[in-house]
Amino acid sequence: MKKALLMAAVVGMILGSTAMAQESTLFFDIRGTHAEITAPTYPHTNGYGSGAGFNYGGPDNLGMEGDGQMLWITPTHADGFETAPQVMNSWPSNNDGDQNTSTGDLYLYMTVNEDTDTIPGTNDVISSLGLDFGLTDDGLGGHNRLADLGFAWEAFLDNGGNAQTAAGANDGGDPPSWNDAKMVKVPVDATPLYAVGAGMVPTNTYKVGTLSATGGLRECVFVPTHRNDSTFNVHISVDGLLITRTFETGGDVPGAEWVSFGYNAGAPETAVNGSLEFATSTEPDAIIVVQMIGDGSGDGRVLGNDIGPFVQAKNATLTDTQTCVMPAIYDNTGDRKILGNDIGGFVFAKNGSAVCP
C-alpha cells in the first residue's frame, strides 16, 4: 500500500510540474453563441480600449475567443433604476434578456482539441468536468459589491447514456465564489457498448454552462478609484472531480487532460493538468465590473464631467471605432452603439445619480 501511494505521489508530481501541449480550453464570453464569437462584429473587433482609469486593450484575437471575457452590470438602486425603461435594455448588462441591468451572464465554452497523448487513442470523449469559479477583488474593494453568483450547466450534458451534472453552490463569501460544479459522462450504454453520443468530442467547441452575476446595492462614497474597486476577477480552477478524457482504445495511462483556462494576449493560457486538483489560471478568465450606467469617469456617479466621454463615444460610433467599454457605459438601447437615442438614458442616469443608493 505504501509503495502504491508513493508511486501515485511521484506520478502526480511529474504530471503537475511538466508543461504539456494544450488539449482543450475552457473560456468565458458575454456572447451567447459560439457563432457570434467566430464571426465577431463591432465593438468586439475594436477591443476594450483604454482611458478614464481603465486600460483593458485589445482586440487580441480579432474580436473572437478571448475578446469577450468582460461583463459590465449595474448596482441595484433603492428607486429601481436598474429596471427603468430608459436603461433596462443596456448592453452588455442585458445580455441575459431580463431587462434588469443589475444582472448579467458569462457563458462558459469548451473547445475540445485532438488528444496529444504519446499513445494514440480512439473515440475520445470528455468524461468529467470538475470546476470551481473563484472571484477576487481587482482593486481595493469596498465599493459596489456583488449580491449573488449562480451557475447552471447546459441541458445537453445530462442527455445520453450515463451522463449527469451537479450545479454546485455559492460559498457565500464577499465576493462570492462558486464551488463544486460537476459533470460526468461515462461512455458506456446498457448493452454495454462504448458510446460517445451526446458527449463532447474533438474537434468542436461547446457552450457548457452559464455563470450569472447580480450587482449589490449601490455604494455612495465617491472616489476616483470607485470603478476599479468595484471590479472582480474570475479564475477557473480544477475541482476534486478533475477534468478527464476517456478513450475506447489507447491513450496514456495514467493520462491527463491538459486544459487552458481562458485566453491571454489572443491565445489560450498555458495549459494546466486537469488531474491536479486546485490547478488554476494565472491571468483572470473573466472580469465583472459593477458600475452605474453613464459613469464614464469611474467615480461612482454621473455628473457633468461624464458628458465629454459620452460625446466622444458617440463620435466613435459614427466611424465604427467604438470599443467595448463605450457601449458598456453609455449604450441604453442594446444596439451596442452610442447614438442620439441614448441621450435620454444618459440624462436619466445623470438625474438618478443624485439619489443614492
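A few comments on the model shown:
- Debye, to nearest 20: dipole size of the chain, +1 on Lys, Arg Cβ, -1 on Asp, Glu Cβ: 360 debye
- Protection proxy ranking of 286-293, 105-112, 74-81 - average other beta-carbon atoms within 10 Å, highest first: 286-293, 105-112, 74-81
- Put a plus charge on the Cβ of each Lys and Arg, a minus charge on the Cβ of each Asp and Glu, and nothing anywhere else: the dipole of the stretch 304-353 about its Cα centre is then about 60 debye.
- Contact order for the chain, expressed relative to its length and based on alpha carbon pairs under 8 Å spaced 6+ residues apart, stands at 24 percent.
- Across the stretch 304-353, Cα-Cα pairs more than 12 Å apart make up 57 percent of the total.
- Ranking of 28, 346, 222 by count of other Cβ atoms within 10 Å, fewest first: 222, 346, 28
- Computed log₁₀ I(q)/I(0) - Debye formula, equal Cα scatterers, no solvent, the stretch 192-326, q 0.12, 0.15, 0.18, 0.21 Å⁻¹: -0.74, -0.94, -1.13, -1.32
- Measuring between their Cα centroids, the stretch 288-311 and the stretch 79-146 lie 24 Å from each other.
- Helices in the chain that qualify as membrane-span-like (whole DSSP H runs, Cα extent of at least 20 Å along the helix axis, mean Kyte-Doolittle hydropathy of -0.5 or higher) are 2-17.
- Mean separation of Cα contacts under 8 Å, 6 or more apart, over the residue count of the stretch 113-187: relative contact order %: 39 percent
- With pairing defined as another cysteine C-beta under 4.7 Å, the cysteines of the chain that fail it are 324.
- Highest-first packing order for the peptide set 326-333, 172-179 is 326-333, 172-179, based on the mean count of other beta carbon atoms within 10 Å.
- Largest-first principal axis extents, alpha carbons of the chain, Å: 70, 40, 36
- Cα gyration tensor shape for the stretch 283-325, rounded if a/c is under 1.5, else prolate or oblate: oblate
- Kirkwood Rh, Cα atoms: Rg over Rh of the stretch 248-294: 1.21
- Ranked by the mean number of other Cβ atoms within 10 Å of their residues, highest first, the peptides 194-206, 249-261 fall in the order 249-261, 194-206.
- Dipole of the chain [Lys/Arg +1, Asp/Glu -1 at C-beta], most positive-end residue of 177, 118, 327: 327
- The chain: calculated mean residue ellipticity at 222 nm from DSSP helix runs of at least 4, using -39500 (n - 2.57): -4000 deg cm²/dmol
- Taking every alpha-carbon pair under 8 Å whose residues sit at least 6 apart, the stretch 304-353 reaches a relative contact order of 28 percent.
Read-outs: derived from the displayed coordinates by stated rules, not from any lab. What you see is a predicted model; the values in this text were computed from it and never measured. Positions of Cβ are generated from backbone atoms using ideal geometry, with glycine treated the same way; all protein chains shown enter the neighbour counts.
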